[in-house]
């Protein structure tokens, strides 16, 4: 099915599990594709194919993209009537029905971005521990690797209606990548492999295509020029929309205290258990039955997010570790105030939490946050102070 025609130079089609771009006019293409990747001038098609189901990867093609990319390309192209030797391949577990197209127009310049995205189980931060090393015979699992990559890929295709120099075409990849990272930053997506914020997934792919014509080629696609702005806006919009469709990942869905804490090793049940350890039986039962309302209360989320961000600032060296206890106790007290609504107790909360704020490791940080939540919850429903917590 024809989805769109871009600047009379590219047709976008979708069938079943594939979304492909057919070039009506010559394009220069730069891609990360394992087959036909790099800089090419002889391709007539770039496609994004759903090669497996996202949950567990248990349903997938026999010709797997990583194990035999050439066979994979031949299999897909034969199925959809595409010229295999003239195609570049992107593969993913994302549903092609969730692909998003965003366009930017300025004078005679058009930029279109088409993205599919999923980050539920494979989001990572650049520099996270690797799980494999590539050798002459293939990929070898690394001893001691504790995380097994799950499903999740952000695939990006960018189409530009002007000719670009090779350097400008390469710079497009940087600009598009920055746009993707901006989305993940704003959504506070957690790495699944460390306690950092994600900058992408371990399997992200990109293809950028620029129309070849007789015009003087553009030489820059960085943030200071209009082309760079257009690439950034188009990729940002398409990435954000695709994550909303595929993972229901939106700014509203990220309004959650649990989400901000989970990259330090805490799931929803574990968070309830840790908070309830500081409460008596009656209050613990009350918290469990009302946990979602507490977890997603905007003031509580704001206080927890601020506490997490300050921990990052200390970890990054922006704030000195010598001030950790004072900083963390003061802002953990804000968490307790947000839950209880009793801001006049800020100083009392800070004093109660000071000892818990002295330790740096992740478990101690989670204990501090959960104790602050428990303090606030106890005071919210009791005329007694939480001095015994």
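Tabulated values for the structure
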| quantity | calculated |
| --- | --- |
| Options 150, 138: the member that is at pLDDT below 95, over 23 Å from the mean Cα position of the chain (by Cα) and surrounded by fewer than 22 Cβ atoms within 10 Å (Cβ to Cβ) | 138 |
| Verdict on residue 234 being crowded, with 20+ Cβ neighbours inside 10 Å and either without any contact (Cβ under 8 Å) to a residue 24 or more places away in the chain or out of contact with any helix residue (DSSP H, G or I) (no Cβ under 9 Å at 6 or more places or on another chain) (or both) | no |
| Subset tally (residues that are surrounded by fewer than 15 Cβ atoms within 10 Å (Cβ to Cβ) and under 13 Å from residue 378 (Cα atoms)) for the range 259-287 | 5 |
| Residue match in the range 116-125 (condition: within 24 Å of residue 221 (Cα to Cα) and touching a strand residue (DSSP E or B) at 6+ places or on another chain (Cβ under 6 Å)) | yes |
| Unique match (being modelled with pLDDT of 95 or more, surrounded by fewer than 15 Cβ atoms within 10 Å (Cβ to Cβ) and more than 21 Å from residue 178 (Cα to Cα)) among 67, 42 | 42 |
| Residue within the range 18-30 that is farther than 24 Å from residue 122 by Cα, touching a strand residue (DSSP E or B) at 6+ places or on another chain (Cβ under 8 Å), surrounded by 21 or more Cβ atoms within 10 Å (Cβ to Cβ) and at pLDDT below 95 present | no |
| Residue 209 vs. criteria in a strand (DSSP E or B), in contact with a strand residue (DSSP E or B) (Cβ under 7 Å, 6 or more places away or on another chain) and under 28 Å from residue 243 (Cα atoms) | yes |
| Enumerated strands (runs of 3 or more DSSP E) restricted to the range 99-173, each holding at least 1 residues that are over 30 Å from residue 68 (Cβ atoms) | 100-106, 109-117, 154-160 |
| Residue within the range 143-151 that is more than 30 Å from residue 226 (Cα to Cα), touching a residue at least 60 places away in the same chain (Cβ under 8 Å) and out of contact with any helix residue (DSSP H, G or I) (no Cβ under 6 Å at 6 or more places or on another chain) present | yes |
| Residue among 125, 74 that is over 12 Å from residue 48 (Cβ atoms), surrounded by fewer than 18 Cβ atoms within 10 Å (Cβ to Cβ) and assigned by TED's automatic domain parsing to the domain that holds residue 21 | 74 |
| Filter result (assigned to a strand (DSSP E or B) and touching a residue at least 24 places away in the same chain (Cβ under 8 Å)) within the range 1-11 | 3, 4, 6, 10 |
| The lone exception for residue 157 - which of (1) surrounded by 14 or more Cβ atoms within 10 Å (Cβ to Cβ); (2) out of contact with any helix residue (DSSP H, G or I) (no Cβ under 8 Å at 6 or more places or on another chain); (3) farther than 17 Å from residue 231 by Cβ it fails | (3) |
| Subset of the range 262-282 [in contact (Cβ under 8 Å) with a residue 60 or more places away in the chain and touching a helix residue (DSSP H, G or I) at 6+ places or on another chain (Cβ under 6 Å)] | 264, 265, 266, 271, 274, 275, 276, 278, 279 |
| Enumeration of residues in the range 246-261 that are touching a residue at least 60 places away in the same chain (Cβ under 8 Å), within 20 Å of residue 338 (Cβ to Cβ) and in a loop (DSSP other than H, G, I, E, B) | 251, 254 |
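Residue by residue, here is whether (1) assigned by TED's automatic domain parsing to the domain that holds residue 72; (2) over 22 Å from the mean Cα position of the chain (by Cα); (3) not in a strand (DSSP E or B) holds:
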{"site": "13", "(1), (2), (3)": "yes, yes, no"}
{"site": "28", "(1), (2), (3)": "yes, yes, no"}
{"site": "33", "(1), (2), (3)": "yes, no, yes"}
{"site": "39", "(1), (2), (3)": "yes, yes, no"}
{"site": "42", "(1), (2), (3)": "yes, yes, yes"}
{"site": "46", "(1), (2), (3)": "yes, yes, no"}
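To keep it simple, each residue is scored yes or no on (1) touching a helix residue (DSSP H, G or I) at 6+ places or on another chain (Cβ under 6 Å); (2) at pLDDT 95 or above.
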{"site": "310", "(1), (2)": "yes, yes"}
{"site": "328", "(1), (2)": "yes, yes"}
{"site": "339", "(1), (2)": "yes, yes"}
{"site": "351", "(1), (2)": "no, yes"}
{"site": "361", "(1), (2)": "no, no"}
{"site": "373", "(1), (2)": "yes, yes"}
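The values are calculated or read from the model by the stated rules, or taken from the named source; none is laboratory data. Every value quoted in this text rests on a predicted model; they were computed, and no experiment measured them. No Cβ is skipped: glycine too gets one built from the backbone with ideal geometry, and neighbour counts run over all protein chains shown.
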